[in-house]
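A short worksheet on the structure shown next.
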Amino acid sequence: MEYAYYPGCSLQATARSYDESLRTVFSMLDLRLHEIPDWNCCGATMYMSVDQVLASCISARTLALAERLGHDIVAPCSSCFTILNKTRRLLTQNPDLARCVGEALEPSGLRTTGCVRVRHPLEVLINDVGIESIAGAARRDLAPTRVAHYYGCQIVRQEEPFDDRQHPTTMDRLFEALGAHNVPFSMKVRCCGGMLMTTTPEVGERLAAEILECARSGGADCIVTTCPLCQINLEAYQKRVAPKARPVPVLFFTQLLGLALGAEPKELGLHRQLVPFALAEAHATLHS
Amino acid sequence: MIDRTAMRAVEPTRPGMRMPTPRDAAGPRAVSAPEVRPGAEPPSDLHRAFTREVGLTPAGRTLLRCLQCGVCTGSCPVAPLMDITPRRAIALVRAGELEALLRSNTVWICASCYACTVRCPAGIAITDILYAVKRLAMERREFAPATAVHRLSKAFMHIVSRHGRNREARLVVTYRLRTQPLRLLADMRLGFRLRRRGRLPWHQPSVEGRKEFTDILGRAKGRSTS
C-alpha cells in the first residue's frame with residue numbers, strides 16, 4: 001500500500017519522534033509513505049480564526065499537491081488531519097468558496113478535485129493492515145505495561161469520524177491485542193487546552209492537570225496519544241502543574257507500537273522524551 | 001463494537017464545574033434571527049458582516065434550530081472560565097446582540113475542541129459559529145483588544161506567510177516579545193530541555209516554492225465570496 005505523507009510542521013520540531021516512529025512502523029508493516037513534495041503548513045486553527053478564504057487556500061495547496069501523487073494522504077497531526085479534512089469538505093459543500101480557492105490556485109498550475117482522502121495513520125493501520133495482522137507481526141509482548149489511551153479532542157470530532165466521537169476504542173483494541181493492559185481513563189477525548197497553554201496558561205494548565213491526574217489515578221505507566229500538541233502539553237508542563245506527583249511518560253502511539261513490533265528505542269525517537277520511558281526489562285528482549 | 005458498559009465511565013468528570021444558575025436559565029430574551037423579525041431595524045453593517053462570515057460555513061443554516069438546552073455549556077471544558085457560556089453565546093447571536101459577544105472573552109478562550117458540536121442534539125456547529133465571531137472580531141480591531149489569541153494568530157501568520165511552514169521556536173519567541181517578554185525566561189528552561197533532545201531546531205526548511213506560495217496568499221487575500 002502507498003500513501004501521500006503529510007508530516008506537518010510539528011513533526012519537524014517538537015514532535016520529531018512521531019515522524020521517526022511513524023516512518024519506522026509503516027516500513028516494518030510494508031506500507032510506503034511518499035512525502036508530499038513541497039507541502040506547506042495546514043494553517044492550523046490560526047488561519048481559520050482570521051480569514052476563511054485564506055485558510056482554505058493554504059490547505060487546498062497541499063491537497064492539490066497530494067492529488068498529483070494520486071495516493072490518499074496520511075496526516076498524523078490531529079490538527080492537520082482535522083483542518084485538511086475540513087477544507088476538503090468545505091470545498092465540496094460551498095461552491096462559492098471553491099471558486100475563490102480555485103481562482104487563487106489556478107495561476108500556479110494547481111487544482112483540487114477532492115479525489116484524495118485525508119486519513120489518520122491510526123485508521124490506516126487498523127483498516128488497511130488490521131489488528132490481527134499487526135498482532136501477528138509483533139515481536140515483543142507489552143504485557144505488564146498499563147496504558148492510558150488519550151485520543152485528544154480533534155481526531156474523532158469531524159463529520160465522518162473513523163471511531164465513536166465520545167468513546168473511541170481503536171487504540172484500546174490495538175494495544176490490548178499487543179498485550180498491554182488498558183487502564184480506565186475517562187478523559188480520553190477531553191481537550192488538552194491546545195494553544196491555551198501559551199496564551200492563557202491558567203486555563204491550559206488546569207486542563208492538563210486534570211487529564212494527567214486521571215491517568216495517574218488509573219495507575220497508568222504511560223499515556224499514549226495521537227497528537228503533537230497533546231503530547232507536548234501533557235509531557236512538558238508536568239512539573240509546573242503538579243510538582244509533587246509521579247511523572248507519567250507521554251508517548252505517541254507509533255512509539256509504543258514500534259516497540260511491540262521489535263524496533264529499537266532510538267529508531268522510535270524514544271531518546272527525545274522529556275519523561276523517559278522504557279519497557280520492563282523482562283519484556284524488552286525480542287521473540288521471533 | 002462499542003462497549004456500552006464502559007461508556008458510562010467515560011463521561012468526563014469536571015471538577016469545579018458549576019451547576020446551572022437561575023441567571024443561566026433566564027438568558028437573553030429574544031432568540032429570533034434579526035432578518036426574520038417583523039418591523040425590525042434594517043440589519044446593521046456588523047450583522048451583514050457576520051452573515052457573510054457565517055455564510056462561508058455550513059454552520060449558518062443550523063443556528064435557528066437551537067433549543068437552548070445547555071448541553072454545549074455542560075460539555076465545554078472551559079465554560080466555567082467564559083464570560084458568556086456557549087449556550088448564551090448562541091442565544092446572543094440569534095438575538096442579534098453581537099456586540100456583547102464580541103466584547104466577551106468567550107471566543108478567545110474556546111480551544112476549538114468541538115465537544116459542544118459533537119454533543120449538540122440540534123446538530124448546530126457551535127465551534128464553527130464561534131470561529132465566525134472570532135474572524136469578525138479580528139477584522140474589526142475594536143473588538144480584538146490585544147487579546148493573547150489574536151496576537152498569537154498574528155505571529156503565526158507572520159511566520160507561515162514568509163516560510164510556508166510554522167517554526168515553533170520562532171513562534172513562541174515572537175509571541176512572547178510582543179506580549180510578555182519576561183515570560184521568555186520561564187520558557188527558556190523548557191526550550192533548552194527540548195533543544196538538547198533535538199526537538200527545537202531554530203532553522204526548519206521553508207517551502208521551496210516560496211514565491212508561488214506567497215502569490216497564492218496574495219490572490220486569496222481580501223477575497224470574499226459575498
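Any read-out appearing in this document is the output of simple, stated calculations on the displayed coordinates, not a laboratory observation. Note that this is a predicted model, so its numbers are computed, not measured. Cβ sites come from the backbone with ideal geometry, for glycine too, and all protein chains shown count toward neighbours.
About the Cα centre of the stretch A:157-260, what is the dipole size in debye to 20, counting +1 per Lys and Arg Cβ and -1 per Asp and Glu Cβ, all else neutral?
380
Could you list the GluC sites (Glu not before Pro) in the stretch B:131-221 that lie in coil according to DSSP, counting only those with at most 14 other Cβ atoms within 10 Å of their Cβ?
In loop regions of the stretch B:131-221 (DSSP not H, G, I, E or B), the sparsely surrounded GluC sites (Glu not before Pro) are B:208.
Assuming 0.36 nm per residue, please report the length gained on full extension of the stretch residue A:162 to residue A:240 beyond their Cα-Cα distance.
Stretched fully, the residue A:162-residue A:240 segment lengthens by 24.6 nm.
What is the fewest-to-most order of B:108, B:202, A:39 by other Cβ atoms lying within 10 Å of their Cβ?
B:202, B:108, A:39
Quick one: which of A:266/B:221; A:266/B:211; B:154/B:211; A:239/B:211; A:86/A:188 span more than 32 angstrom between C-alpha atoms?
On the way: A:266/B:221 44 Å; A:266/B:211 38 Å; B:154/B:211 21 Å; A:239/B:211 43 Å; A:86/A:188 22 Å.
Check vs 32 Å cut-off fails for A:266/B:221; A:266/B:211; A:239/B:211.
Mind checking which of A:195, A:177, B:115 is farthest towards the positive end of the protein assembly as shown's charge dipole, using Cβ charges of +1 (Lys, Arg) and -1 (Asp, Glu) about the Cα centre?
A:195
Would you list A:229, B:190 from fewest to most Cβ contacts within 10 Å?
Listed from fewest to most nearby Cβ atoms, that is B:190, A:229.
Sorting B:126, A:126, B:216 on the 10 Å Cβ count, fewest up front, what's the list?
A:126, B:216, B:126
Which whole DSSP H helices in chain A pass both tests: a Cα extent of 20 Å or more along the axis and a mean Kyte-Doolittle value no lower than -0.5?
Those that pass (Cα extent of 20 Å or more, hydropathy at least -0.5) are A:52-69, A:78-93, A:201-217.
Using +1 on the beta carbon of Lys and Arg, -1 on that of Asp and Glu, and nothing else charged, what's the dipole of the stretch B:179-218 about the Cα centre, debye to 20?
Details: 9 positive and 4 negative charges, 102 e Å.
Approximately 500 debye in magnitude.
Of all trypsin sites (Lys or Arg not before Pro) in the stretch A:139-203, which ones are in loop regions per DSSP and have a Cβ with at most 14 other Cβ atoms within 10 Å?
Qualifying residues, ordered by number: A:139.
Among A:133, A:158, A:223, which residue has its Cα positioned farthest towards the positive end of the charge dipole of the stretch A:127-254, with +1 placed on the Cβ of Lys and Arg, -1 on the Cβ of Asp and Glu, and the dipole taken about the Cα centre?
Sorting the options by dipole projection puts first A:223.
In nanometres, what is the gap between the two model label sites at residue B:197 and residue A:271, each 7 Å from Cα along Cα-to-Cβ?
It works out to 1.4 nm between the two label points.
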